[in-house]
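K.L.:
One structure, pasted below without further comment.
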Amino acid sequence: MKIGIIGTGYVGLPTGVGFAELGNKVVCIDKDEVKIKALKAGKLTIFEDGLETLFQQNVRDGRLGFTSSTAEGVKEADVVLIAVGTPPDPVTKEADLHYIYSAAAELAPHLTGYTVIATKSTVPVGTGDEVEKIIRKNNPHAEFDVVSLPEFLREGFAVHDFFAPDRIVVGINNSRAESVLKEMYKPFEGKAPVLFVNRRSAETIKYASNAFLAMKIHYINEMADFCEKAGADIFDVAKGMGLDRRIGERFLNPGPGYGGSCFPKDTNAMAWMGKKYGAPLTLIEAAIRGNDLRKTKMAERILRQVQGIKQAKIAVWGLAFKNGTDDVRESPALQIVEQMLKNGARLCVFDPKAMGNASRVLGDSVEYASSELEAAKDADVLAILTEWDNFASVNLTELKAIMRQPKIVDLRNMLKSKQPERLGFVYQCIGKI
Ligand code: NAD
């Protein structure tokens, strides 16, 4: 099949590479000329585990191409995927759909033959109707259908999730588009359930899923706070809860709060939709409030360790919103760093993959180190903010020798099993005294 993808970011690029690997002819389109130039030159624009090899192979084999021209990318496509951003409106926090609507208007004149337009971006209920109207207005004679194809991939695991999704949801309002989508997802037959539902249900499934996961994280975070006060251990509590299959063991790791480009914006957009439709989503609203507050509390927790120390140096390990990605959008780590900076802290930061993106946000307000140990040298406290595996394998004796004071605030519970207290560290993790 011939597939055009509009938007070559964290979703569009792995999706393009994935469909090319399955034998389709894929053209990834992006307005960002710098991105397209880099991709054409064989340089990946994001970090995703396992993406590089597949990307190079498929470009070499001529199945994957890049362009900044929508006309070129959409021409003769059987399916056009829209994977542009849907950021929150800065005031109302509802999803800003102007990228989606522009993409729809731009692609419309270039449709040739019957084409399925599939929205991969996370969009509020009813967006498919609007996209359909825009295409119709800009090309009254076009033969097309608009379907919702919500994306569930996790950053850091995008390649894995493309080839082994838990489920594929297709929101569709007629059978002609269904046969095209069945063909496109044929390689997944027997591997993942493909759920055909109506378009509005598919749009809702995406938000309902993300909001549920965000609430699960917030729930275990609050339970961790409770455990600290009540003398319980969140590790044991989470284990005991997770063994109940109705609850499940995943997403029960307490931390500094959920972040990233999806959960914060999608919870806000869902809460906004609840208000719009007169069906208040009070659990989601509470999670949003609690999660926002959590970042401040976490910064205070770290700052308490250096209270009264003149010119204290805080070492920060981890800036990405989670491990496996260079993405710092809505990263709890960055929000905590910014909060500490407001309080006059002196910081030296390190992240294995996100230094470039983080430095564009933090500028010269912090020092940058090129390794974990360099960041921790002469530090009065070390704060672990992202759960990179490397952090867990650090040599604690070496770490203690280079720090000015052996204090660790581990907001990802990375070092708990290594029992740093035994080596003389003042050690604080989450959910256990
Ligand atoms: P992104 O910002 O990484 O990429 C979006 C790209 O679209 C940018 O490169 C931008 O230049 C391009 N673009 C915008 N308008 C364009 C246009 N008219 N023509 C061509 N290119 C255009 O965004 P992302 O993280 O890939 O997210 C895309 C969508 O997928 C969002 O709705 C998001 O909520 C959803 N989503 C994201 C993830 C994730 O893990 N990042 C997971 C599931 C769903």
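K.L.:
Express in whole angstrom the spacing between the alpha-carbon centres of the range 216-235 and the range 186-200.
P.N.:
Here the answer is 37 Å between Cα centres.
K.L.:
Continuing with the same structure: Name the residue farthest towards the positive end of the dipole of the chain from the options Leu411, Ala312, Val361, assuming +1 on Cβ of Lys and Arg, -1 on Cβ of Asp and Glu, about the Cα centre.
P.N.:
Of the candidates, Ala312 comes out farthest on the positive side.
K.L.:
Report, to the nearest 10°, how far helix 282-304 tilts away from the longest principal axis of the Cα atoms in the chain, using its own Cα long axis and a range of 0 to 90°.
P.N.:
Its long axis makes an angle of about 40 degrees.
K.L.:
Now a separate question. Can you list the GluC sites (Glu not before Pro) in the range 41-125 that are in a DSSP coil and have 15 or fewer other beta carbons within 10 angstrom?
P.N.:
Numbers: sites: Glu48, Glu52, Glu72, Glu76, Glu94, Glu106; in loops: Glu48, Glu76, Glu94.
Sparse-neighbourhood loop GluC sites (Glu not before Pro): Glu76.
K.L.:
If DNA, RNA and ligands are ignored and the probe is 1.4 Å, what is the ranking of Thr53, Thr45 by accessible area, most exposed first?
P.N.:
Descending accessible area places them as Thr53, Thr45.
K.L.:
Given the options Leu44, Val74, Ala103, identify the residue whose Cα lies farthest towards the positive end of the charge dipole of the range 40-131 (+1 on Cβ of Lys, Arg; -1 on Cβ of Asp, Glu).
P.N.:
Leu44
K.L.:
What figure, in Å² to the nearest 10, do you get for the accessible area of Asp364 with a 1.4 Å probe and non-protein molecules left out?
P.N.:
Taking all protein chains as shown, Asp364 has close to 150 Å².
K.L.:
Where a ≥ b ≥ c are the square roots of the eigenvalues of the C-alpha gyration tensor, would you call the range 113-242 rounded, which needs a/c under 1.5, or, failing that, prolate if a/b is larger than b/c, or oblate? Numbers along the way, then the final one.
P.N.:
Working: a/c = 3.70, a/b = 2.22, b/c = 1.67.
Note, shape of the range 113-242 comes out prolate.
K.L.:
Let me ask you something else. Given points 7 Å out from each Cα along the Cα-Cβ axis, report the Leu423 to Asn174 separation in nanometres with one decimal.
P.N.:
6.5 nm
K.L.:
Right, next: Could you tell me the center-to-center distance, by alpha carbons, between the range 309-381 and the range 141-183 in angstrom?
P.N.:
First find each Cα centre; the distance between them is then 38 Å.
K.L.:
Follow-up question, since we're still on this one. Within the accessible area of the chain, what % is carbon and sulfur when the probe is 1.4 Å and the other protein chains stay in place?
P.N.:
For the chain, the apolar C and S fraction of the accessible surface comes to 53 percent.
K.L.:
Enter the angle in degrees (range 0 to 90, nearest 10) between the Cα long axis of helix 12-21 and the first principal axis of the Cα atoms of the chain, meaning the one along which they spread out most.
P.N.:
The helix 12-21 is inclined about 60 degrees to the chain.
K.L.:
Solvent-accessible area of Ser359, probe 1.4 Å, all protein chains present, reported in Å² to the nearest ten, please.
P.N.:
50 Å²
K.L.:
Okay, next question. Just read off the accessible area of Thr127 with the full protein assembly in place, 1.4 Å probe, to the nearest 10 Å².
P.N.:
Looks like 10 Å² after rounding.
K.L.:
Could you sort out which of Lys216/Lys295; Lys239/Lys432; Lys342/Lys377 sit more than 21 Å apart by Cα distance in this structure?
P.N.:
Table pairs above 21 Å Cα-Cα are Lys342/Lys377.
K.L.:
Considering the chain as a Gaussian network with a 10 Å cut-off on Cα pairs, which listed residue, Val361, Val26, Val169, attains the greatest mean-square fluctuation?
P.N.:
Per the Cα network of the chain with a 10 Å cutoff, Val361 tops the list.
K.L.:
To continue, here is another question. State in Å² the accessible area per residue of the range 93-133; use a 1.4 Å probe, count heavy atoms of protein chains only, and round to the nearest integer.
P.N.:
Per-residue accessible area for the range 93-133 comes out at 34 Å².
K.L.:
Still on this structure: Where in the chain lies the longest segment free of trypsin sites (Lys or Arg not before Pro) that are both loop residues by DSSP (not H, G, I, E, B) and have at most 10 other Cβ atoms within 10 Å?
P.N.:
Numbers: sites that count: Arg245, Arg246, Arg250, Lys310.
After excluding every exposed loop site, the longest remaining stretch is 1-244.
K.L.:
For the range 221-328, state which chymotrypsin sites (Phe, Trp or Tyr not before Pro) are in a DSSP loop and have at most 15 other beta carbons lying within 10 Å of their beta carbon.
P.N.:
Details: sites: Phe226, Phe235, Phe251, Tyr258, Trp272, Tyr277, Trp317, Phe321; in loops: Phe251, Tyr258, Tyr277, Phe321.
Sparse-neighbourhood loop chymotrypsin sites (Phe, Trp or Tyr not before Pro): Tyr277.
K.L.:
Next up: Could you work out, for the chain, what percent of all Cα-Cα pairs fall into each 20 Å distance bin, beginning at 0 Å and stopping at the bin that holds the largest distance?
P.N.:
Histogramming the chain at 20 Å steps yields 24, 52, 22, 1 percent.
K.L.:
Could you tell me whether the range 2-197 comes out rounded, prolate or oblate from its Cα gyration tensor? Rule is a ≥ b ≥ c as square roots of the eigenvalues, rounded for a/c under 1.5, then prolate if a/b exceeds b/c, otherwise oblate.
P.N.:
Rounded.
K.L.:
Place a +1 charge on the Cβ of each Lys and Arg in the chain and a -1 charge on the Cβ of each Asp and Glu, then give the dipole magnitude about the Cα centre in debye, rounded to the nearest 20.
P.N.:
I would put it at about 620 debye.
K.L.:
Next question. Just the accessible area per residue of the range 137-199, please: how many Å² with a 1.4 Å probe?
P.N.:
On the way: 3220 Å² over 63 residues.
With the other protein chains kept in place, the range 137-199 gives 51 Å² per residue.
K.L.:
Evaluate the charge dipole of the range 2-197 about its Cα centre and quote only its size in Debye, nearest 20, assuming +1 on the Cβ of each Lys and Arg and -1 on the Cβ of each Asp and Glu.
P.N.:
Roughly 380 debye for the range 2-197.
K.L.:
Where only protein heavy atoms count, and the probe is 1.4 Å, what is the accessible area per residue for the range 233-433 in Å²?
P.N.:
Details: 9510 Å² over 201 residues.
Value returned for the range 233-433: 47 Å² of accessible area per residue.
K.L.:
Could I ask something else about it? Specify the angular offset, from 0 to 90 degrees and rounded to the nearest 10, of the alpha carbon long axis of helix 175-184 from the longest principal axis of the alpha carbons in the chain.
P.N.:
The angle comes out at about 60 degrees.
The values are calculated or read from the model by the stated rules, or taken from the named source; none is laboratory data. Source: prediction; values computed, not measured. Quick reminder, even Gly has a Cβ in these numbers, built from the backbone with ideal geometry, and neighbours come from all protein chains shown. Heavy atoms of the whole protein, side chains included, go into the accessibility calculation; ligands, DNA and RNA do not. Shrake-Rupley method; radii C 1.70, N 1.55, O 1.52, S 1.80 Å.
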